[in-house]
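Working notes, structure below.
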Amino acid sequence: MMGMIGDSTEGRLLCEEYRDMLRELTRIHVEIDAPQRRARADEPDWILRLRKVCLHAVAICRRGDGVDDAHVMATELRAAFVQMDPIWKCVPSDFRIGGIDPNWWAEEARNGLLAAYDHPTPLSLAFPFAEGGFGDGDHPKSYLQFAVWLGKLGIGYGLALGFLAQVLGTGADIDARLAAVLCTGLERPV
C-alpha cells in the first residue's frame, strides 16, 4: 500500500486501481446475472438497478485519467450513486459494512461535491479540479476525491453483488472471487 498521497500521479494510480476493481466486479456481475437473462415479473427492482450500475461502471472503466475524462466519469459516478441508493437500502445488513450510510449515495449524488462536477456552473468551471473545475489538475488533492468515490462504489457494488449471487443462487466460487476483489479494494483507504 502506498503511503500518504503526495501528488496527482499517486492519486491517478489509486483511481486506476479502483477502476480495475470495478472492471473485475463487472465481469463477475455478468457471470452472476448474464445480460441475456430475462427478469421475472416478480423480481425486485434493485436487481435491475444493479444492472444499471454495471453499465455505469463499464463506462467509468473506459475513461482515461485526465481532468476531462474525470469530468465525464463524474457523470457516470453520479448516475451509479443514484442507482446505488435504493439498492443499498435493499441489501441486508449481513452484506453491508458500517462505513457506508444508506443515505450517503443519494446525498453525495444530489448535494455533495460530485454534483458540482456533474452540474457545473460557468464560475465553477474555473475552480481547481479538486473543487469541481478544470483548473490545477496537478494539485495533490486533485484525484483523491475521485479515488474515494470509485472505492466506495466498488465496495458497495461488490457487496450488493454478493447479495445478488445469493438471491440468484450462483455458486460458491463467485463468493470467493468477490471476496478477493473486495479485499484488494478494502486494503486501500476510502
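Taken together, the values in this text are just the output of simple stated rules run on the coordinates, not laboratory data. These numbers come from a predicted model, not from an experiment. Quick reminder, even Gly has a Cβ in these numbers, built from the backbone with ideal geometry, and neighbours come from all protein chains shown.
The long axis of helix 67-90 is offset from the longest Cα principal axis of the chain by roughly 40 degrees. Assuming a ≥ b ≥ c are the square roots of the Cα gyration tensor eigenvalues, decide whether the stretch 35-121 counts as rounded (a/c under 1.5), prolate (otherwise, with a/b larger than b/c) or oblate. It comes out oblate by the Cα gyration axes.
Report the local net charge at G169: Lys and Arg +1, Asp and Glu -1, summed over other residues whose C-beta lies under 14 Å from its C-beta. Net charge around G169: -3. If the segment from A176 to D42 were pulled out straight at 0.36 nm per residue, it would be longer than the present Cα-Cα gap by 45.4 nm.
Modelled label positions at R62 and T121, each set 7 Å beyond Cα in the direction of Cβ, lie 3.3 nm from each other.
Model label sites at N103 and C183, defined 7 Å from Cα along the beta-carbon direction, differ in position by 3.5 nm.
Dividing the summed helix terms, -39500 (n - 2.57) for each DSSP H run of n ≥ 4, by the number of residues in the chain produces a 222 nm estimate of -21000 deg cm²/dmol to the nearest 500.
Whole-Hz Karplus values for the stretch 34-50 come out as 4, x, 7, 5, 7, 6, 6, 4, 8, 5, x, 4, 5, 5, 6, 5, 5 Hz, taken residue by residue from phi with 6.51 cos²θ - 1.76 cosθ + 1.60 and θ = phi - 60°; glycine and proline positions read x.
Over the stretch 74-150, the reciprocal of the mean inverse Cα-Cα separation, the Kirkwood hydrodynamic radius, stands at 13.4 Å. Pairwise Cα distances in the stretch 2-76 exceed 19 Å for 46 percent of all pairs. Compute the angle between helix 172-186 and the longest alpha-carbon principal axis of the chain, please, reported from 0 to 90 degrees and rounded to the nearest 10. The angle comes out near 20 degrees. Once backbone amide H atoms are built at 1.01 Å from N, G135 has F127, F129 as its partners under 5 Å, excluding neighbours fewer than 5 places away on the same chain.
Placing dummy labels 7 Å off each Cα toward the beta-carbon, the span from T9 to V30 is 3.4 nm. For the stretch 26-115, applying the loop criterion from DSSP together with a ceiling of 13 other beta carbons within 10 Å to the trypsin sites (Lys or Arg not before Pro) yields R37, R38, R40, R62. Among G162, Y18, A116, whose Cα sits farthest toward the positive end of the charge dipole of the chain (+1 at Cβ of Lys/Arg, -1 at Cβ of Asp/Glu, about the Cα centre)? Of the options given, the answer is G162.
Listed by chain and number, the lysines placed with their C-alpha closer than 23 angstrom to that of K89 are K52, K152; residues fewer than eight positions away on the same chain are left out. Recomputing semi-axes √(5λ) of the Cα gyration tensor in Å from the coordinates shown identifies the correct label among (1) 33, 22, 17; (2) 29, 18, 14; (3) 71, 21, 13 as (2).
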